[in-house]
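First comes the structure, then the notes that go with it.
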Amino acid sequence: MSTPRDDDALSWGGDDDPTLDVGDKRSPEHPRAEDPEPLAPERTARRSPSAPTPDAGTETVAESPASVSSPDDDAPASRPLGNAGLIGIGMVAATFLLFALGWLLAGRQLQSLGIPIPDVTVVAMTIGATAAPLVWFVTVLVFTRGWRAWQRFLLLILGIVLLVPWPLLSMGDLA
């Protein structure tokens, strides 16, 4: 037999406070029969003050959770990427890392060629060119969070096309 002192270890003070109940913020797309009832009560349809009151024998119709709008409904909900999307993001990230390495090697090759450009300029251009693929990748991922996956991938592919390290490819071998 347990004592009230033993039961205190299994609860937190104020667990039964109704003001702390935040409800279930996510609504399942396909509710299952074994799902428990939602924590928040269903909202009843609102009547305008001028609308007649229902008779004693009629029931009020409850709105479905999908028809109740909240302030966050204006922004489209971004769905999480699936396995293919995550693998695609990883492959694009690896491509951008390789491009950054390519731009770094191309800048080092330009320094060793002895071209008539000051070394400070070549170093600054090398740093900027090396950082460009990484900045593009992070910028696209941060600023397109609410976008659809195909739109994000389109911008990432555009970055791959624009940021190819052409000097490395056109110089040939890594001398």
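Shown here for the range 131-175: trypsin sites (Lys or Arg not before Pro) in loop regions (DSSP other than H, G, I, E, B) with at most 11 other Cβ atoms within 10 Å, namely Arg145. Each label point was placed 7 Å from the Cα along the Cα-to-Cβ direction; for Ile87 and Val142 their separation is 3.0 nm.
Projected label points at Ala131 and Met171, each 7 Å from Cα along the beta carbon direction, are separated by 2.1 nanometres. Would any residue of the range 153-171 have its amide N under 13 Å from a label point 7 Å out along Cα→Cβ of Ile117? List them or say none. Residues 166-168 fall inside that zone. Ranked by solvent-accessible area (1.4 Å probe, protein heavy atoms only, all chains present), the residues Val142, Val120, Val161 order from largest to smallest as Val120, Val161, Val142.
The values are calculated or read from the model by the stated rules, or taken from the named source; none is laboratory data. The model shown is predicted, which means the values in this text are computed figures rather than measured ones. Using ideal geometry, Cβ is built from the backbone for each residue, glycine included, and neighbour counts are taken over all protein chains shown. Surface accessibility is based on the protein's heavy atoms, side chains included, excluding ligands, DNA and RNA. Shrake-Rupley method; radii C 1.70, N 1.55, O 1.52, S 1.80 Å.
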